[in-house]
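Scroll down for the structure; my scribbles are underneath it.
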Amino acid sequence: MLRISLVSAATYGQHERTIGSFHGTAFSTAFNGWDEAAAQSFGGTFVRAGRRLEGARVVKVWDPDRDAAERLARSCHIDQVVDSPEAAAEGVDALIVVDDGSREQWRLALPALAKGLPVFIDKPLAVRAAEARAVLDFAAAHQAPVMSASSLRYVPDIQALRAEAGALGNVSMATTICGNELVYYGIHALEMAYEVLGDAMRGQARSVLNVGQDGRNICRVRYASGLDLVLMVAEGEYMQASYQLSVFGRSGWRTVQPDLTDLYYFLLERFLDLVRGGQPPVSIDEMHEVIAVLEAGKRSLAIGAEVDVRAVLAERQAL
């Protein structure tokens, strides 16, 4: 039975944290199940997983709000509430850093990565490519397996389209769409396309031109392979949140609006494979590239010009 720690899993917010965590509770219940009476009195967002993961259990949890962490532990049969991310990295087989709304959750992964533990860093890995590169280099320096990915990569509809894409012939155009902020949620739309189109995108991003407006992003992403991807991401006042991917090939085209049932189950299943010694499902370079493409989209809108993705990828910062 693999022992898992959850970090920053009981509250959410960039500036002011409130009790409840969509991902934190969904992950906890997927591993451990829940006590319904305790869940009813939890006091904030509490997501009950529809499908349980076998062979792993959450045994530790940390959150900056100790009371919220205690409530989560009672609700999800978690053995121990700890006082720091460092303590969360002790005596476990792997650690998950939950999307907590801070936009800097990667910082909480560093103690576990320094110990060489397998770590999942919830989306987005970072909001700037230089930050993403820094944490990925840190993981590599400590020989720590690391994974960060959108849960939409692994839902059955996207995996089915991935298997079918080769039959469409040479795919030179694609569109991918979702609601909300460009980096924070646009990563879902972009990573669906990376999962389906594979080598036509990986390591191939060259430039982004965002011809949208504030809150309404229309990004043409150009790839050295010849692919042009249109990434459309709009805030809630302009469109209802949803997800769609269309790929257009010489021999045919397909559109999918993926069914998101049990999406975290499929994501965490991939992480457990990595913990057990499997190959990383997403390479370090690809994790870096998707953040660079999204950052380039934000820069392009700000300056009203095309942005070279390779220049964004080349930027570095120290931890």
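Computed over region 68-141, the Cα gyration tensor eigenvalues convert (square root of 5λ each) into semi-axes of 23, 15, 9 Å, ordered from largest to smallest.
Considering only ALA314, HIS23, ALA149, and ranking their Cα positions along the charge dipole of the chain that arises from unit charges at the beta-carbon of Lys, Arg, Asp and Glu, the one farthest toward the positive end is ALA314. Applying the Kirkwood pairwise sum to the alpha-carbon positions of region 237-305 produces a hydrodynamic radius of 15.9 angstrom.
Once the chain from ASP65 to ARG310 is taken as fully extended at 0.36 nm per residue, the excess over their C-alpha distance is 84.2 nm. What the phi angles of region 217-228 give under the Karplus curve with 6.51, -1.76 and 1.60, with θ = phi - 60°, is a coupling list of 8, 10, 9, 8, 9, 9, 10, 4, 5, x, 6, 10 Hz, glycine and proline written as x. With both labels modelled 7 Å from their Cα along Cα-to-Cβ, the ALA163 to ARG52 distance reads 2.8 nm. Amide H to amide H distances under 5 Å link LEU182 with no residue, where only residues 5 or more positions off or on other chains count and H is placed in the peptide plane. For region 1-98, the list of GluC sites (Glu not before Pro) that fall in a loop by DSSP and count at most 13 other C-beta atoms within 10 angstrom reads GLU16, GLU54. Evaluated with a Cβ-only charge set (Lys, Arg +1; Asp, Glu -1), the chain carries a dipole of roughly 540 debye about its Cα centre, given to the nearest 20. Working note: Karplus 6.51/-1.76/1.60 with θ = phi - 60° gives region 286-302 the couplings 5, 4, 5, 5, 5, 5, 5, 4, 5, 5, 4, x, 5, 5, 4, 5, 5 Hz, where Gly and Pro are set to x. Taking every C-alpha pair closer than 8 Å and separated by at least 6 residues, the mean separation divided by the residue count of region 2-122 gives a relative contact order of 33 percent.
Here the gap between VAL211 and ARG276, fully extended at 0.36 nm per residue and compared with their Cα-Cα distance, gives a gain of 19.0 nm. Dividing the mean sequence gap of close Cα pairs (under 8 Å, 6+ apart) by how many residues the chain holds gives a relative contact order of 18 percent. Rounded to two decimals, the Cα-based Rg/Rh of the chain, with Kirkwood Rh, is 0.97.
Counted over the chain, the DSSP beta bridges are approximately 55% antiparallel. Only lysines eight or more places from LYS123 in sequence, or on another chain, were considered; those with a Cα closer than 19 Å are LYS298. Restricting the calculation to Cα atoms, region 2-122 yields a radius of gyration followed by a Dmax of 12.8, 38 Å. Tell me, what does the Kirkwood hydrodynamic radius of region 8-64 come to in angstroms if you use every pair of distinct C-alpha atoms? It works out to 11.8 Å. Each label was represented as a point 7 Å from its Cα along the Cα-to-Cβ direction; for VAL230 and MET173 these points are 0.7 nm apart.
Among the DSSP beta bridges whose two residues both lie in region 152-244, what percent are antiparallel, rounded to the nearest 5? If we restrict to bridges inside region 152-244, about 70 percent are antiparallel.
Read the figures in this text as sums done on the coordinates, not as results from a lab. On a predicted model such as this, the values are computed, not experimentally measured, just so you know. As a convention, Cβ positions derive from the backbone with ideal geometry for all residues, glycine included, and neighbour counts pool all protein chains shown.
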